[in-house]
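Peer 1: Dumping the structure here so I can ask a few things about it.
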Amino acid sequence: MIFSVYLLDNATHLTPASPATSGNATEYGRGELTRDELTRLYAYPDVTRPWLRINFVASIDGAIAVDGSSGGLGTPADKSVFGLLRQLADVVVVGAGTARAENYGGVRTSAAARDRRVTGGLAPVPPVAVVSARAMIDPDSRLFTDTAVPPIVVTSDDADPVRVRRLTEAGADVVVAGERTVTSAGLVDFLAERGFTRVLCEGGPGLVGQLIADDVVDELCLTTSPLLVGGGAARLAVSDHTARISMAPAHVLADTDGTILTRWVRVAAG
Ligand SMILES: NC(=O)c1ccc[n+]([C@@H]2O[C@H](COP(=O)([O-])OP(=O)(O)OC[C@H]3O[C@@H](n4cnc5c(N)ncnc54)[C@H](OP(=O)(O)O)[C@@H]3O)[C@@H](O)[C@H]2O)c1
């Protein structure tokens, strides 16, 4: 895969550089990136608490789905980074709406990828943790039938106990992290208790909207697919109240087909 790398040196400099954005960049010039370079560009910071990375793909006009799923937005570069991000994560967190819409299964890893993960101190395969207030997950779905490791279901006290029992019997690791819904604090506590520091959240807008509104997002990796699609698809985050969280670009990459891959990291307070 060929990526050109555009760095902050190409920016307009209309705004004076801040500590958050200066010194970010001239390590790579334009040209092809190797897998090792991409891995370095997407490496998690060395933290002891859960680092919440969100990953999304959107069209140029902001749609995050075409006909109800994100598949129509994918490009080779996006697929490549999507897979890489999974390989770098301790756990893949996803809202139940997305798991249902996209017919989620477990994370697939090659033998080589498993070896790389183990060498890097990760479990061979990251589990998928589905967030569902109602525990509305089909125990016959691919989450259970097409996975190397059991799924985790993060749910609320309000969930129907019969559904919860069925999911447990099907092999899910069921965690309660809130009363009527899964709170952001409850989710982060669960991740911390399990030692999941490299967290990858793959959406969707309901879950991510809440995480942004509650100010627990550390990073957003956003692919812009070279498409205009119109339609009525949601934005990547939807919530009842708004937040204003300053983010700094860690990198901006472009593939030869026009796909733009960005990584945004929250500006540290203070
Ligand atoms: N372009 C992309 O990269 C991308 C990524 C992800 C999703 N999508 C698209 O987004 C659409 C799905 O949107 P969505 O809003 O339904 O996504 P979602 O946020 O994945 O799902 C919402 C559902 O997830 C559960 N949920 C979310 N937050 C929760 C919380 N804090 N506590 C408890 N449960 C919670 C609830 O499930 P229960 O009803 O089971 O309680 C809720 O109904 C699909 O079209 C999908 O293709 C696109």
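Throughout, read-outs are computed from the coordinates displayed, never taken from laboratory work. Keep in mind the model is a prediction, meaning the values are calculated, not measured. For neighbour counting, all protein chains shown are included, and Cβ atoms are generated from backbone atoms with ideal geometry for every residue, glycine included.
Peer 1: To the nearest Å, what is the center-to-center distance of segment 250-266 and segment 164-222, using C-alpha atoms only?
Peer 2: Going from one Cα centre to the other spans 26 Å.
Peer 1: Moving on. Can you pull the one-decimal nm distance between simple spin-label points at His241 and Asp158, each 7 Å off the Cα toward Cβ?
Peer 2: 1.7 nm
Peer 1: Another one. Express in nm, to one decimal, how much length is gained between Thr119 and Asp36 on full extension, taking 0.36 nm for each residue of separation and deducting their alpha carbon distance. Mind dumping the intermediate values first?
Peer 2: Values: separation 83, 0.36 × 83 = 29.88 nm, distance 1.45 nm.
That works out to 28.4 nm of additional length.
Peer 1: Now for a separate question. DSSP beta bridges in the chain, what fraction antiparallel, as a percent rounded to 5?
Peer 2: Counting only bridges with both partners in the chain, antiparallel ones make up about 40 percent.
Peer 1: Under 1.5 on a/c is rounded, so check that first for segment 107-222, then, if it is not, pick prolate when a/b is larger than b/c and oblate when it is not; a ≥ b ≥ c are the square roots of the alpha carbon gyration tensor eigenvalues.
Peer 2: Details: a/c = 1.93, a/b = 1.16, b/c = 1.66.
Oblate is the answer for segment 107-222, as a/c is 1.5 or above yet b/c matches or exceeds a/b.
Peer 1: Per-residue ellipticity at 222 nm for the chain, helices alone: DSSP H runs ≥ 4 residues times -39500 (n - 2.57), over residue total, nearest 500 deg cm²/dmol? All intermediate terms of the calculation are to be shown ahead of the outcome.
Peer 2: Working: 8 runs with 67 residues, N = 270.
When only DSSP H runs of four or more count, the value is -7000 deg cm²/dmol.
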